[in-house]
Amino acid sequence: MPVSGRARLQEPQLKYNSLGGDVSAITSTEAVTCLCLSDKILALGTETGNVHVLDYSGHEVRCLKLHQGRVNDLSFDKAEEHIASCSNDCTVVVINLYTEEKQQFTYKKPIRTIAVDPRYSLRRTKEYVAAGDDSVVALSTQGWLGRSDYKLYEGHVQLVRWAGALVAWATDRFVTVYDTNTHAQLRTITRYPPARQTSSAAGAGTGAPPAPAAAPVKGRASLLFGENSRMYISWPDCIKVARIISVDGAVGGTTHKVEVTSEFYTDYFVLGVSPFGEDLAVLTYPTLSELAAREQAAAEEQAQAEHSEIVPEGTHAASLGASSGGAHAAGNTAGRGVEAKGARTHAVEPGQQPQLRILSTSNLQLAADELPIAGYGSCSHTDYLLVPSLPATTEAATSSKLLKRGWWASLGGGGLGEALSAAAASDAAGNGDAEAAGSGFKAADIESMYFIVSPRSILVSCTRDMNDHVLWLLDQQRFDEALQVAEADRVGVQAETYEQVVQCYSDELLLHRKDWAKAAKLSRRLLKDSARQWELWVALFAQASQLPKLAPHIPTERPRLHEKAYETVLCSLLVDQSDHGTLLGLVRTWPNGLYSVTALQDAVAARMARPGGDDEHMWRLLSLLYVRQGRPELCLAVLLQLRAPDVFDFVEKHALIAELSGARASALLDIDEEAALKLLTRAADQLPPSAVVPAIQAAMRDAERSGGPAASEVWRKRLYRYLAGVLSADASAAIEYHELQVQLTADFAPGKLMEFLAASQYYPLEGALTICQQRGLVAEQVYILGRMGNSRQALHIIIEKLGDVPQAIDFVRSQCDEELWDYLITWALGSSETTGSLMDHAGGSINPLLLLRRLPRGLEVPRLRDRIRTIIGDFRTQTSLHEGCNAILHSDCMHLMQKLYAEARMCLRCCYVELRDARSAGAVQWRRSMRRCRGAGAGAQVWARDGGAAGAAPQLPLPQGRAGCLAPAGQVQLGSAPGVVGALSVRVWPGHPPRVERLAPLHAWSDWRHLTCGECGE
């Protein structure tokens, strides 16, 4: 479809470069006539008759002087050992590249084309097919009697090719496929169908064959055996694709069938065709009609641009787009130039620039590039050849291997800008499922490579990769897409290319567009971990007063910039009040050590002194800097001034409870009452109520002066809640405020007053009684009177004000006062109802006889008999329980006393005495007193150690001199004993001597409690 002048320039599918190495030296002296490729090497034929063998980098391996005239065609066998050439000197030469074996065959006329048997190295027949000016296609084979030529076809042939067992030759009207195994022709594919269309209009622009009156367009045919048993055929106005099908024969063996899968006729001049994945790569030459259409389209666009006074984007590619894309997409050329009249023409003139088009098999143009061939002005359409990278089935694999070797770089291949002309463009978009970063670029399904041969140069065309795509995007100044693709494919994009993207994009944003916001947003993607580039950007943004936009993106680690860079950024955020929030966020997130805290604090203080600097963000920043300096108490003052809700967490984190004395405690309550109460009550041991209550009372007085009683009442309730929280944790805390708490509890929580009165012992009873009397709290009055010892008055209040007999009974029972019982009974006997209630609730607490004796005569008490029976039963039960409990208590006491006595008697069952002679350190004796151990035999009264006194006692290997430190019973000094001169050191051991196994020193009485006798085990 036509390309509009305003359309974005489409990206080519291929990249181009001239084959380097020794090719320039060769083409400077010899004109290239043909090219043949193998897996490892390529061969060039020249006008002078030389065959140059080159590697894929263009370096000459060897030069073969095989002919005296122009070399017309070359052919490699499959093993790449032999190469066959034909020439105008009427000779065919087959030479072994490794053994120098050479065969030369002479014909009567020049040979124009040759194809050597792919199995030439393996077969004895050494066959090849050649055709020349004698108009004969001959199969030359080696037999027993010599070489023989078999005629396969008689007529003028332009091209012969051999693949496997199949030979194909092309004339200007048809292509014939011949099977060398069966020696039979498989099929002849004609250039035009036998029945031509009778209407020339029907053939215009539809890919149909030309009208009957039109003669075949003169030009060279192209024939290629490709992958997947495909055969590609082209004439100047026609392209056909055939498929070779293998069929099992009826009597064994395999035969082949050829069928045409795609064919179409063109309005452009075709020079050659090759596969491009599933599509076609077609070498074309511009016709006169194309040139006219191109000029007309350029004139129309120029007129449109002048009319609208708008310079369209991509105008430099409009000429090629209009001609190659618009004129040939799907063959739609009706109504354009001379073709509008239905006359098909392929007239050409020398000196035009050839094109490489990418077409689908349905003739839909996907891309078109004008080829940057040096010296194309002196060439004609017959001088160009299209040679794919490898013939037959090895093409794709070899192309991939060559690309992986990096041979393209050895050619000096660079960006597309040096290789392509400014007018190179593509007119049709490819499939969008493999687009790179939404740029429209579609990576090729396979890696293809083509050689475009001209007499004085060889152009190499290769599929473009992601690196080429990125470079092309840079040339088109599509920096966003280039960066996105380079980041997504760091393997396919070279490091140098990525750096180029970053540099170009940075220059575009900072120097040309001045788009500081977008540059800051992309800074992390562009600069990565380059500290030098980051510091350079900080300087550039600072010069433009745009540092606030870059500040949130500056890294703090990997890389870490110089301290001055961070300080510059922070100070730049102090200028504008709208940036203070950003500054606060950076200081919060940036770690310590990036900048000088003291310098920043001085700058903040100076800014706060100026207009617009005294805002919440600056105060917050100042408090944060105080913390960074290790002065949290100053930060606390700022947070309290700001009434910040996070002050509570800050106090706990930095252990600043002691700093809350005075007005700070009331300030906390004013910020968040619940959180403050929780904090103050939990920390009452660190911040005593004596430091908090005065502050709350002061705030209460201030509130009363400023807001009246209602405001003061709010603080009174806060005071109550604070004291209630403190006293609930420790009833003995804040004893000086217990009386105040009685009053506050009576006002704000009278239901909890009784609990507080029972828990506290530090409030004045008279004052508490007065408070309860003022507020009519009867139960609390009774409790206080009871504590004051005024039980009769308390009972009187229960009886008179409450009339609650059960409560009165409980009160009297708790007081254990007979006079109260007498008072209660006297009051209850005043009426039958109170008497009955007393009988119902007294239970076993009242002696039934006492109650019955005091019943007034004539007093009618309902259910008197039942009630008396109940009282008597309860009294008996209670008496029985008391007697049983006393018996159990007496028995337990006797048992425990006996146990104590027995243990006391056994505590010193036997005593051992150590006798140490002061005159001899080695003489130590053990003597036992009281009674013997049950396990000792007769006469075992003396225990000796270290060769001391003789006896039947066993040796006890205790360390000498340690027995003294082990003895917990103390040491007694005795006087002289009979037969012993000097004093004796006596040490008393309770129980038995220790076992032999217990050698470790014992240091306490508890250790000796677990020792047993060495003989009896007790």
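The values are calculated or read from the model by the stated rules, or taken from the named source; none is laboratory data. Please read all numbers here as calculations on a predicted model, not as lab measurements. Cβ placement follows ideal geometry from the backbone for every residue including glycine, while neighbour counts extend to all protein chains displayed. Ligands, DNA and RNA are stripped out before the accessible areas are found, and what is left, the full protein with its side chains, is counted by its heavy atoms. Shrake-Rupley method; radii C 1.70, N 1.55, O 1.52, S 1.80 Å.
Brief remarks on what is shown
- FRET efficiency for the pair T879 and K899, taken as 1/(1 + (r/R0)^6) with r the Cβ-Cβ distance and R0 = 25 Å, rounds to 0.20.
- Extent along the principal axes, Cα only, for segment 696-753: 35, 22, 16 Å, with the longest axis given first.
- Our summary of shape: the Cα atoms of segment 52-116 have principal axis extents of 36, 20, 18 Å, ordered from largest down, in whole angstrom.
- Size of charge dipole - segment 444-554 - debye, nearest 20, with Cβ of Lys, Arg +1 and Asp, Glu -1, no other charges: 480 debye
- Compactness of segment 498-617, expressed as Rg and Dmax over alpha-carbon positions, Å: 14.8, 48
- With both labels modelled 7 Å from their Cα along Cα-to-Cβ, the R62 to T770 distance reads 13.2 nm.
- For segment 733-789, pairs of C-alpha atoms spaced more than 14 angstrom apart make up 45 percent of the total.
- Take the Cβ atoms of W144 and D55, set R0 to 30 Å, and the FRET efficiency comes out at 0.15.
- Between the beta carbons of S661 and L864, assuming R0 = 60 Å, the FRET efficiency works out to 0.30 to the nearest 0.05.
- For segment 130-186, convex hull of alpha carbons as volume per residue, Å³: 82 Å³
- The share of accessible area on segment 689-757 that comes from carbon and sulfur is 52 percent, using a 1.4 angstrom probe.
- Using alpha carbons only, the radius of gyration of segment 41-174 set against its Kirkwood radius gives Rg/Rh = 0.95.
- Convex hull volume per residue in cubic angstrom - Cα atoms of segment 649-792: 103 Å³
- Panel note: the C-alpha atoms of segment 503-571, placed on their principal axes, show extents of 30, 23, 16 Å (largest first).
- Solvent-accessible area per residue for segment 604-701 (1.4 angstrom probe, square angstrom): 46 Å²
- Near-label residues of segment 638-680 by backbone N, under 15 Å of a point 7 Å along Cα→Cβ of D614: 641-642
- These residues, K108, K15, go from largest to smallest accessible area, 1.4 Å probe, as K108, K15.
- Solvent exposure, largest accessible area first (probe 1.4 Å, DNA, RNA and ligands not counted), of L509, L366: L366, L509
- With every protein chain in place, segment 494-571: carbon and sulfur % of accessible area (1.4 Å): 49 percent
- Neighbour-limited loop hits for GluC sites (Glu not before Pro), segment 509-607 (at most 12 other Cβ within 10 Å; DSSP other than H, G, I, E, B): E557
- Computed over the Cα atoms of segment 859-909, the ratio of the radius of gyration to the Kirkwood radius (Rg/Rh) comes to 1.54.
- Gyration tensor (alpha-carbon) shape descriptor, segment 545-609, a/c threshold 1.5: oblate
- Pairwise centroid distance, computed over Cα atoms, of segment 717-738 with segment 634-706, Å: 16 Å
- Cross-link pairs K40/K78; K65/K126; K40/K126; K218/K257 - those with Cα-Cα distance over 18 Å: K65/K126; K40/K126; K218/K257
- For the residues L640, L634, a 1.4 Å probe over the protein chains yields an accessible-area ranking, largest first, of L634, L640.
- Accessible area (Å², 1.4 Å probe, nearest 10) - D507: 50 Å²
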